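Some notes on the structure that comes next.
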Amino acid sequence: MYAILAFLWFKTLNKGNFNRLQSAVIVIVISLYGALMEYAQILVIGRSFEWEDMVSNTIGAILGIVIASKKRTSVK
């Protein structure tokens with residue numbers, strides 16, 4: 001889910017151009033969102049906070065950016 005979110009956000013902001021600063025901001029914001037979702041799970045009975053999920057969310061965001069920056073769209 002986080003990879004898809006990062007991919008779409010990157011494609012929206014970067015019209016085919018790779019920008020490291022924007023990419024870093026996207027990963028940071030999505031990672032913070034993931035951390036907030038993990039924290040919110042503490043409030044739900046039967047759910048718990050997991051560091052591994054936060055790491056997975058961040059890796060997903062990074063992969064989304066990598067895939068979006070490598071994917072080229074051809075218009076014919």
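Could you please report the charge total around residue 34, scoring K, R as +1 and D, E as -1 over all other residues with beta-carbon less than 13 angstrom from its beta-carbon? Its environment carries a net charge of -4.
Principal axis analysis of the Cα atoms in the chain yields extents of 53, 24, 17 Å, listed in decreasing size.
The residue 20 and residue 44 beta-carbon pair, evaluated with R₀ = 35 Å, returns a calculated FRET efficiency of approximately 0.45.
Mean separation of Cα pairs under 8 Å and 6 or more residues apart, divided by the residue count, gives the chain a relative contact order of 51 percent.
What's the extension gain from residue 36 to residue 70 if we count 0.36 nm per residue and subtract their Cα-Cα distance?
Numbers: separation 34, 0.36 × 34 = 12.24 nm, distance 2.90 nm.
Residue separation times 0.36 nm, minus the Cα-Cα distance, leaves 9.3 nm.
Quick note: the coordinates plus some simple rules give every number you see, no bench work behind them. As the structure is a computational prediction, the values presented were derived from the model and not from experiment. Ideal geometry is used to build each Cβ from the backbone, glycine not excepted, and the neighbour counts take in all protein chains shown.
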